[in-house]
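Structure first, then comments.
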Amino acid sequence: MLESAQTEIFVVDPYIGVGTLDCLRTIYAPVRLLTGAHSSSVESGFEAALKAFQTEGHQIQVRQHAKLHGRHIVFNERCWLVGSSLKDAGRKAFHTMEIIDSKAPVVADLEQKWIDASVYPPTPVAAPYLTTTMFRAF
């Protein structure tokens, strides 16, 4: 299904892992991946796998939003509701249903969440620059 993409692929999945990237490995269309912002939303090892995935030439942006519930895939002017996380593809039943009648408001809501989301991986906050004169006793 994803290999038919002629446009950017927008994946919304509250839980991601290395398996998510494995599902996208043969896709060279740009990808936006929106996931949850909870401690369990991103599997351990995903950040390193993401860097390797990008090094392979894949164009992917990842963001996190705290209020995600459903899983969706949007591309080629179509939108699907997905039953299981891509990270679990091949290990769990995987069903998709195309959203037709309410596509416009669903996609608009997903796009707004993308805009409101935080970039992943988060940029580390630099420690303030301290000098020895700051520690001088008064």
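The values are calculated or read from the model by the stated rules, or taken from the named source; none is laboratory data. Keep in mind it's a predicted model, so treat the numbers as computed, not measured. For neighbour counting, all protein chains shown are included, and Cβ atoms are generated from backbone atoms with ideal geometry for every residue, glycine included.
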Matching residues, segment 25-61, being under 18 Å from ILE73 (Cβ atoms), of a type outside the set (Lys, Arg) and surrounded by fewer than 19 Cβ atoms within 10 Å (Cβ to Cβ): THR26, ILE27, TYR28, ALA29, PRO30, HIS58, GLN59, ILE60, GLN61
Test: residue in segment 88-102 that is within 14 Å of the chain's Cα centre (by Cα) and either at pLDDT 80 or above or of a type in the set (Val, Ile, Thr) (or both): no
Extreme residue, nearest to PRO121 (Cα to Cα), among residues of segment 64-106 that are assigned to a loop (DSSP other than H, G, I, E, B) and among the hydrophobic types (A, V, I, L, M, F, W, C): ALA66
Search result, residues across segment 60-79 that are among the hydrophobic types (A, V, I, L, M, F, W, C) and in contact (Cβ under 8 Å) with a residue 60 or more places away in the chain: ILE73, VAL74, PHE75
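Condition test on VAL12, is it in contact (Cβ under 8 Å) with a residue 60 or more places away in the chain and of a type in the set (A, V, I, L, M, F, W, C)?
Here the answer is yes, as VAL12 does meet what is asked.
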Of all residues in segment 16-42 being touching a strand residue (DSSP E or B) at 6+ places or on another chain (Cβ under 7 Å) and part of a loop (DSSP other than H, G, I, E, B), the one that is nearest to LYS87 (Cα to Cα): SER41
Neighbours by Cβ (under 8 Å, 6+ apart or cross-chain): first from segment 109-124, modelled with pLDDT under 95; second charged (D, E, K, R): PRO121/GLU47
